1. Tally up the residues in the stretch 1-47 that are of a type in the set (Ser, Thr, Tyr), open to solvent by 50 Å² or more (accessible area, probe 1.4 Å) and free of Cβ contacts under 8 Å to residues at least 40 places away in the same chain, please.
2. With 104, 92 as the choices, which residue is open to solvent by 70 Å² or more (accessible area, probe 1.4 Å), in contact (Cβ under 8 Å) with a residue 12 or more places away in the chain, at negative phi and outside any helix (DSSP H, G or I)?
3. Name the strands (runs of 3 or more DSSP E) wholly within the stretch 129-214 that hold at least 1 residues that are of a type in the set (Gly, Ala, Ser) and within 26 Å of residue 53 (Cα to Cα)?
4. Please indicate, with yes or no, whether at least one residue in the stretch 90-112 is closer than 22 Å to residue 167 by Cβ, hydroxyl-bearing (Ser, Thr, Tyr) and modelled with pLDDT of 95 or more.
5. Mind listing just one residue for me: the one in the stretch 48-82 that is open to solvent by 40 Å² or more (accessible area, probe 1.4 Å) and acidic (Asp, Glu) and, of those, nearest to residue 104 (Cα to Cα)?
6. How many residues does the stretch 8-48 contain that are in a loop (DSSP other than H, G, I, E, B) and within 17 Å of the chain's Cα centre (by Cα)?
7. Within the stretch 201-213, is even one residue open to solvent by 20 Å² or more (accessible area, probe 1.4 Å), of a type in the set (Phe, Trp, Tyr) and at pLDDT 95 or above?
8. I'd like to check something: does the stretch 112-130 contain any residue that is in contact (Cβ under 8 Å) with a residue 60 or more places away in the chain, under 18 Å from the mean Cα position of the chain (by Cα) and closer than 30 Å to residue 30 by Cα?
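The values are calculated or read from the model by the stated rules, or taken from the named source; none is laboratory data. None of these values were measured; they are calculated from a predicted model. Positions of Cβ are generated from backbone atoms using ideal geometry, with glycine treated the same way; all protein chains shown enter the neighbour counts. Surface areas here come from the heavy atoms of the whole protein model, side chains and all, with no ligands, DNA or RNA. Shrake-Rupley method; radii C 1.70, N 1.55, O 1.52, S 1.80 Å.
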Amino acid sequence: MTALDDLDPFAIFDAEAERLDRFFSGLKDDDWARPSRCEGWTVRDVLAHLAGEEDYNHACLDDDLEGLWTRLEKNGVSGLAGFNDWCVRTRRSMPVEEVLDEWRTRNGDTRRRMRDLGRDARLPTMAGPYPVGLQAFHYASEYATHGDDVGVPVDDARERTAWRVVVGRFALEEKGSPVEAAEDDDGDLVVRTPQALGRLTPAEFVDATVGRLPGNHPLDPGLRDALRCLA
């Protein structure tokens, strides 16, 4: 039993996807060109990234990762950074409405198929067979991160931060990170390695796990690097 057992990964994934969909659907022409928190990417580029990621998500669901690798190799694409760049670059000439429809349709299919499989089923991934429920938590975390990157409004910030802290602590353990993270009496996270000690609010802890802690934050650099486990 872990703290994740009390959370529904599919409901969380649905909520983050629906939040993004509402936001994207309400944008006007100039909004798409705004810079995001992802260096070098506009809001439109973040949408293109999410749409392109569905190639990977569907390859996992179809058990056809080899087919995806072959297609990427034919297009001269290698590595995660290369894949991300290709996903964005190949959609820059498309009407944004088409990119949004692509993402909405394919992600809806991804979420439905994952829910149908159930959280304990195994999904082929780059890292080998992996529980569907845990993969849904990873996807939801990424959607929440990119939602913050483009400025999606959040009404349930405390509840949302709470599950992201749980997922972050799980990911640190799963990764074998040397960081210990324990909640103190004030609800903050005391984080430590044998070399460093720090204290973060829940929101700061979440930002640290996804590599979004501000550069001027006083947290020890080694501890900052060790906390990054979901990006």
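1. Total meeting the criteria: 0.
2. Testing whether each residue is open to solvent by 70 Å² or more (accessible area, probe 1.4 Å), in contact (Cβ under 8 Å) with a residue 12 or more places away in the chain, at negative phi and outside any helix (DSSP H, G or I) leaves just 92.
3. none
4. yes
5. Within the stretch 48-82, the match that is nearest to residue 104 (Cα to Cα) is 62.
6. Matching residues across the stretch 8-48 total 6.
7. no
8. no
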